[in-house]
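Contents: one structure, followed by commentary.
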Amino acid sequence: MKKRITGIGGIFFKVKDPAKTKDWYAQHLGLGTDDYGSTFEWRSSVNPNQKGFTQWSPMRDDTVYFKPSEKEFMINYRVENLIELVEELKAEGVTILDEIEETEYGKFVHIMDPDGHSLELWEPVDEVYDKLVIGRTKS
C-alpha cells in the first residue's frame, strides 16, 4: 500500500492570547518559541540522516485559518505525493477545502474529516524549512 500520512507536521490550537501562551510554555516547559510557536526537530526512522519537523502553534481564538471548521484545533499531517493523494481523496469523496498551495518549504491543502475538523496536509521540503525556523525546542 502506498504511503499517505507519514507523520504529524503540526498542531495548531486556538487561545485567547498566543503571546501569553507561548511565554507560559517557554517559562514553565522550556519551549523555544518564535512568532509561530515552536518547532520540534526529529529524525526519520527509515533514514536517520534525514531531519523532520513538527510545528506547535497557538493561534488567536478568532483565527479563520481553520474555517470552515469551528473546532478548537487543527492537525497538520505530513504526506508524500500531495497532488496524487488529493486526486485519490477526491475520488473517495473526501471534501477538499481549497486548492494546493505551493511554498518554498512545501505543498499544502486542507480537507475536512467526518467530524468537522479541518485537517492540513503538508508535503514538506524539510531542507528549506530547516533554514527558515527560528523557534526550536530541542530534545
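The values are calculated or read from the model by the stated rules, or taken from the named source; none is laboratory data. Source: prediction; values computed, not measured. Neighbour counts run over all protein chains shown; Cβ positions are idealised from the backbone, glycine included. Just the protein is used for accessible areas: all its heavy atoms, side chains included, with ligands, DNA and RNA removed. Shrake-Rupley method; radii C 1.70, N 1.55, O 1.52, S 1.80 Å.
Filter the stretch 119-139 for residues that are closer than 25 Å to Tyr25 by Cα and either free of Cβ contacts under 8 Å to residues at least 40 places away in the same chain or of a type in the set (Ser, Thr, Tyr) (or both); which is surrounded by the most Cβ atoms within 10 Å (Cβ to Cβ)?
Per the criteria, the residue is Tyr129.
List the residue pairs whose Cβ atoms are under 6 Å apart, where the first residue sits in the stretch 19-43 and is on the phi < 0 side of the Ramachandran plot, the second is surrounded by 17 or more Cβ atoms within 10 Å (Cβ to Cβ) and assigned to a helix (DSSP H, G or I), and the two are 6 or more positions apart or on different chains.
What qualifies is Leu31/Tyr25; Thr33/Lys22.
Which of the residues that make up the stretch 36-86 are open to solvent by less than 90 Å² (accessible area, probe 1.4 Å), among the acidic types (Asp, Glu) and outside any strand (DSSP E or B)?
Asp61, Glu80, Glu84
Failed condition for Gly7, given (1) within 19 Å of the chain's Cα centre (by Cα); (2) open to solvent by 80 Å² or more (accessible area, probe 1.4 Å), with all others met?
Only one criterion is unmet by Gly7, namely (2).
So, Gly116, is that one on the phi > 0 side of the Ramachandran plot, surrounded by fewer than 18 Cβ atoms within 10 Å (Cβ to Cβ), without any contact (Cβ under 8 Å) to a residue 24 or more places away in the chain and not acidic (Asp, Glu) or not? Steps first, answer last, please.
Numbers: on the phi > 0 side of the Ramachandran plot: yes; surrounded by fewer than 18 Cβ atoms within 10 Å (Cβ to Cβ): yes; without any contact (Cβ under 8 Å) to a residue 24 or more places away in the chain: no; not acidic (Asp, Glu): yes.
Against the criterion (on the phi > 0 side of the Ramachandran plot, surrounded by fewer than 18 Cβ atoms within 10 Å (Cβ to Cβ), without any contact (Cβ under 8 Å) to a residue 24 or more places away in the chain and not acidic (Asp, Glu)), Gly116 does not qualify.
Filter the stretch 1-35 down to the residues that are polar (S, T, N, Q), over 24 Å from His117 (Cα atoms) and part of a helix (DSSP H, G or I) and list them by number.
Residue satisfying the conditions is Gln27 alone.
Could you grab me the full set of residues in the stretch 87-113 that are surrounded by fewer than 14 Cβ atoms within 10 Å (Cβ to Cβ) and either over 17 Å from the mean Cα position of the chain (by Cα) or at pLDDT below 95 (or both)?
Matches in the stretch 87-113: Glu87, Glu88, Lys90, Ala91, Glu92, Gly93, Thr95.
Output the number of residues of the stretch 34-83 satisfying the condition of being touching a His at 6+ places or on another chain (Cβ under 6 Å) and not basic (Lys, Arg).
Adding up the residues that qualify gives 1.
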